[in-house]
Amino acid sequence: MTVDSAQITAIPGSGKIYALWKKMQDKPLGKRLFTQSVCFKAPYFRSVHPLIHELRPGFCRVSAPNRRGVHNHLGTYHAIAACNMAEVAGGMMTEATVPSTHRWIPAGMTVEYKAKATTTVTAIARLDERPEFGEEKFDLVVPVDVIDAHGTVFVTAEITMHISQKKR
């Protein structure tokens, strides 16, 4: 089944985290507090100082400042910090997409470093096609682009998520 981005936004996410996002996103400081709660659960994400801007089934957009703590020896955005951004966006998008009857875990990531970044960065995870969530285990490959403030994609990632039904 192929769906476009407009259709995938209508697919209801059913997880607790996505429900919390829907409650908090429009509140004052809601996005910041939601992102901090995600970083509390996954502390390593804090290292890039992310801010989740958009989250819905099939889509997540996260930004992070360019600061000395994420620089490499060249003074550009570090490759592993970009991978961390990709994992934040890919993981949150997967969480919003996978129904509450299933679970997911990242199993691997393929990354291409295409350019250097010296600005604030944005990671965008997007699914063009919604998978069927049945009884069979499967791998979902989540594409993520990490973009600089000029719109240049400087890192692309494909994160493989193992999806399986929760034990009853």
Over all pairs of different Cα atoms in the chain, the reciprocal of the mean inverse distance gives a Kirkwood radius in Å of 16.2 Å
Under 29 Å from Lys16, Cα to Cα: lysines that are on another chain or at least 8 residues apart: Lys27, Lys31, Lys41, Lys137, Lys166, Lys167
Relative to the first principal axis of the alpha-carbon coordinates of the chain, what is the inclination of helix 30-41, with its axis defined by its Cα atoms, in degrees from 0 to 90 and to the nearest 10? 90 degrees
Could you work out the relative contact order of the chain, using alpha carbon pairs under 8 angstrom and six or more residues apart, expressed as a whole percent? 24 percent
Per the Cauchy relation, a quarter of the hull surface: what is the mean projected area of the convex hull of the alpha carbons in the stretch 78-137, in nm²? 5.1 nm²
Percent breakdown of C-alpha pair distances by 5 Å bin, ordered from the shortest bin, for the stretch 124-168: 5, 19, 21, 19, 13, 10, 7, 5, 2, 0
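Bear in mind these aren't lab numbers, they're just calculated from the coordinates by the rules spelled out. This structure is a prediction, so every number in the text was calculated from the model and none was measured.
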